[in-house]
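Visitor: Quick one: the structure is below, questions incoming.
Values quoted throughout were computed directly from the atomic coordinates according to the rules given, and no laboratory measurement underlies them. Worth saying up front: this structure is predicted, and the values here are computed from it rather than measured. Virtual Cβ from ideal backbone geometry, glycine too; neighbours counted across all protein chains shown.
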Amino acid sequence: LKLAVLISGGGSNLKALIEATSDPEFPAEIVCVGADTAAAGLAYAEAAGIPSFVVRPADHANRAEWGAALAAGIQNHGADLVVSAGLMRILPAGFVSEFSPRLINTHPALLPLFPGAHAVRDALAAGATETGVTVHIIDEGVDTGPVLRQAVVAVRAGEAEADLHERIKQEERPLLVRTVREIADGTLDLAAVAGAAAGAAA
Ligand code: GRF
């Protein structure tokens with residue numbers, strides 16, 4: 001299984017995937033890393049000798065063209081699973097239809113609770129006693145695709161957002177690695193999950 005990993009920031013999830021895939025027994029390899037900006041996480045790709053590329057929205061006339069350029073970078077490396085791991089952009093419909101259901105995202109909340117860009121802050125503001133992380137297939141909505149795997153994290157009263165987010169990431173990184181492994185070894189069939197969800201929605 002050839003992974004394309006998409007990031008916007010520090011890339012600790014990317015780092016976890018790089019560490020996991022560096023084991024020759026792991027059934028997947030990362031063939032490229034794409035970013036929407038000069039993300040700090042790109043340093044992990046460089047250190048690991050993994051090709052990376054930056055596709056800035058500001059360099060494109062619109063989101064659709066940005067998505068097409070991002071897709072081209074991924075296709076050039078022959079990836080067959082796209083992993084959004086801290087990409088802080090909504091992928092345009094054309095991109096989603098090109099890659100889904102072989103297109104997954106990790107989100108720091110228990111979807112469908114707390115979708116969107118401020119999930120950790122929203123869970124704290126809501127007084128949630130627990131939250132967590134979701135790995136899901138990206139569909140045409142925002143954080144609405146079929147859920148693949150989740151992990152629960154207890155919220156500590158009065159906890160700072162950054163502290164809770166780091167505790168969530170401590171669950172998120174192994175969950176993402178395990179989900180990628182299960183997709184690679186066939187335990188998790190993305191087309192079947194997507195088909196079942198579509199059937200349910202019909
Ligand atoms: C992750 O928690 C991801 O779920 C969210 O942004 C965070 C990125 O963290 N969308 P990192 O860049 O992988 O450290």
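Visitor: For region 126-202 and region 63-98, write down the distance between their C-alpha centroids in whole Å.
Guide: If we compute the Cα centre of each part, the gap is 20 Å.
Visitor: Just check the chain against the gyration tensor rule for me: Cα atoms, a ≥ b ≥ c as the square roots of the eigenvalues, rounded for a/c under 1.5, and otherwise prolate or oblate depending on whether a/b exceeds b/c.
Guide: It is rounded, given that a/c, with a ≥ b ≥ c, falls under 1.5.
Visitor: While we're looking at this one, here's another question. With springs only between Cα atoms under 10 Å apart, run a GNM on the chain and tell me which of ASP189, ASP139, ASP23 wobbles the most.
Guide: Largest GNM mean-square fluctuation: ASP23.
Visitor: Moving to a separate point now. For region 1-113, count all C-alpha to C-alpha pairs, find those more than 20 Å apart, and express that count as a whole percent of the total. Don't skip to the answer; put the middle values down first.
Guide: Working: 2267 of 6328 pairs.
Percentage above 20 Å: 36.
Visitor: Send over the per residue convex hull volume for region 91-144, Cα only, as a whole number of Å³.
Guide: So the per-residue hull volume is 58 Å³.
Visitor: Roughly how many nanometres apart are two label points built 7 Å out from the Cα toward the Cβ at ALA72 and VAL152?
Guide: 4.8 nm
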